[in-house]
1. What is the extension gain from Leu420 to Phe126, computed as 0.36 nm multiplied by their sequence separation minus the C-alpha to C-alpha distance, in nm to one decimal?
2. Gain in length, Arg21 to Ser111, computed as 0.36 nm per residue apart minus the alpha-carbon separation, to one decimal in nm?
3. Lys/Arg Cβ at +1, Asp/Glu Cβ at -1, dipole of segment 70-211 taken about the Cα centre: which of Ile89, Leu122, Thr79 is farthest positive-ward?
4. Where in the chain are the helices, taken as whole DSSP H runs, whose Cα atoms extend 27 angstrom or more along the long axis and whose Kyte-Doolittle mean reaches at least 0.0?
5. Pulled fully out, how much extra length does the chain show between Ala34 and His303, if you take 0.36 nm times their separation in residues and subtract their Cα-Cα distance?
6. I'd like the projected area of segment 15-142, averaged over all directions, using the convex hull of its alpha carbons. Report it in nm² with one decimal.
7. What FRET efficiency comes out for the pair Val362/Val431, r = Cβ-Cβ distance, R0 = 35 Å, nearest 0.05?
8. Listed highest first by mean packing, meaning other Cβ atoms within 10 Å per residue, what order do 88-99, 191-202 come in?
Amino acid sequence: MTPKNPPETLSHEAIYRAADRVAVREARLRHRRARLLWLLAGPGILVMLGENDAPSMLSYAATGSQFGIGFFLPFVVLTFVMAFIAQEITVRLGAATHSGHAELIYRRFGSVWGNFAMIDLLLTNFLTLITEFVGIVAGAGYFGVPPWLAVMLGVIAVSTAVLVRRYWSWERLVLFLALFNLVFIPVAIMAHPNVSLIGQAFLSWSPLAGGMNAKTLVILLADIGATITPWMLFFQQGAVSDKGLTLGDVRHGRIDTAIGAALAAAAAVACIIATSPLFFHHMNAKQFGAAQFAQALVPYVGHLGSMLFALGVLEAGLVAAATISTSSAYAFGEVLHRIHSLNGSFSEAKDFYLILVGVALVAGLLVLIPHFPLEAVVIMVNVIAVLTMPPAMGFLLILANDKQIMGSLKSTWWLNAMGLTVGLFISLAGVAFAISVIFPNWI
């Protein structure tokens with residue numbers, strides 16, 4: 001006899017997440033610290049290495065080739081410290097609420113501010129996705145891959161989420177790909193850098209070569225935008241929620257984010273060092289577009305180093321295309337109250353997966369349009385990220401101080417002090433850029 005109220009069938013999302021939590025519980029009970037970190041790490045490393053995307057690495061390449069290493073090595077490390085401060089809050093928000101960032105903004109601030117945040121995110125995400133495909137085409141082009149095939153490769157990389165349909169498996173796959181971001185380190189070594197100059201750069205923090213001017217300000221903002229952008233907030237909080245992290249996992253979430261920041265900072269610094277010979281040998285860096293940096297480095301790092309540099313740009317675009325598309329899909333699903341999980345089956349989360357692949361496909365097709373202003377978009381997208389970041393930081397800090405939302409994970413005074421410092425720094429950078437545009441003679 002069939003019962004009147006048969007038990008409800010569990011979704012794939014619930015089953016997979018429960019299995020992940022069982023593995024975490026067993027590792028914790030058996031005091032297997034290394035395995036526990038392995039199980040809980042992922043969102044922080046992914047978001048940091050994902051932000052070392054194609055436009056970011058090309059911004060660092062432009063930095064090294066135009067300004068050398070004196071000022072910018074410690075400056076870039078500082079930006080990753082600021083990124084850690086911002087992303088640590090998303091770990092606590094995700095663990096405390098099990099909700100995504102967009103969902104929390106709509107719930108806490110209402111539809112008007114929620115729509116504003118979504119427009120902010122979607123604008124920067126889509127523009128950034130275009131630049132990721134610029135990097136994919138540029139990196140693949142070095143190896144003779146035609147643009148249309150490179151774009152197809154990028155869309156396939158994003159579509160692996162649909163094929164895998166399991167957060168854990170997707171995360172490990174993208175993490176493996178993201179580690180190729182570290183190829184910039186051997187390229188930097190091949191450039192035979194002056195170790196004493198590098199040490200001096202970190203210890204003394206040399207002043208800006210040539211002083212402050214409009215060109216320098218754009219590079220400064222581009223390097224800030226290469227490290228701190230709105231999509232990172234939405235992605236990591238969504239990933240923490242999708243992964244199922246709880247209050248007891250916050251410490252490991254912080255460690256995960258710190259490891260990611262350290263690895264990404266090392267790759268960024270290495271990229272600047274690798275391209276600094278173009279500065280020291282007085283090469284005209286303006287003649288090198290996105291696809292030409294690798295060729296320009298051949299005399300200084302050899303063909304192997306040049307190949308690794310091109311591979312790094314290709315990898316950066318692929319990883320970021322996957323994570324940024326996922327960030328957009330998380331936000332859409334949260335706002336539309338649809339299933340928004342990489343643990344969901346295609347039938348359960350069809351809208352989520354279609355958005356994830358669709359935005360990447362449209363961005364990739366735009367890159368193939370003849371005479372599309374690719375290089376201008378690459379530099380400006382990081383500047384736009386800085387200009388759209390202050391309101392995102394404002395939402396983040398207010399949420400982190402809401403006792404009703406955060407409970408015991410509410411920000412302490414020193415966490416607030418650091419968060420406000422980051423927000424103020426980014427806001428001042430945006431104001432400085434606005435002044436330089438309105439009053440160009442002042443800079």
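1. Details: separation 294, 0.36 × 294 = 105.84 nm, distance 2.76 nm.
Gain on stretching Leu420 to Phe126: 103.1 nm.
2. Details: separation 90, 0.36 × 90 = 32.40 nm, distance 3.34 nm.
Stretched out fully, the Arg21 to Ser111 stretch lengthens by 29.1 nm.
3. Ile89
4. On the way: long enough: 72-97 (38 Å, 1.61); 111-142 (46 Å, 1.25); 250-280 (44 Å, 1.28); 298-336 (53 Å, 1.22); 374-400 (37 Å, 2.14); 413-438 (37 Å, 1.82).
Result, helices passing both filters: 72-97, 111-142, 250-280, 298-336, 374-400, 413-438.
5. Numbers: separation 269, 0.36 × 269 = 96.84 nm, distance 3.85 nm.
Once the chain is fully extended between Ala34 and His303, it gains 93.0 nm.
6. Details: hull surface 47.6 nm².
Computing the convex hull of the Cα atoms and averaging its projections yields 11.9 nm².
7. Values: r = 33 Å, r/R0 = 0.94.
Computed FRET efficiency for Val362 and Val431: 0.60.
8. On the way: 88-99: 23.5, 191-202: 14.7.
Descending mean neighbour count gives 88-99, 191-202.
Read-outs: derived from the displayed coordinates by stated rules, not from any lab. Quantities reported herein were computed from a predicted structural model and do not represent experimental measurements. For neighbour counting, all protein chains shown are included, and Cβ atoms are generated from backbone atoms with ideal geometry for every residue, glycine included.
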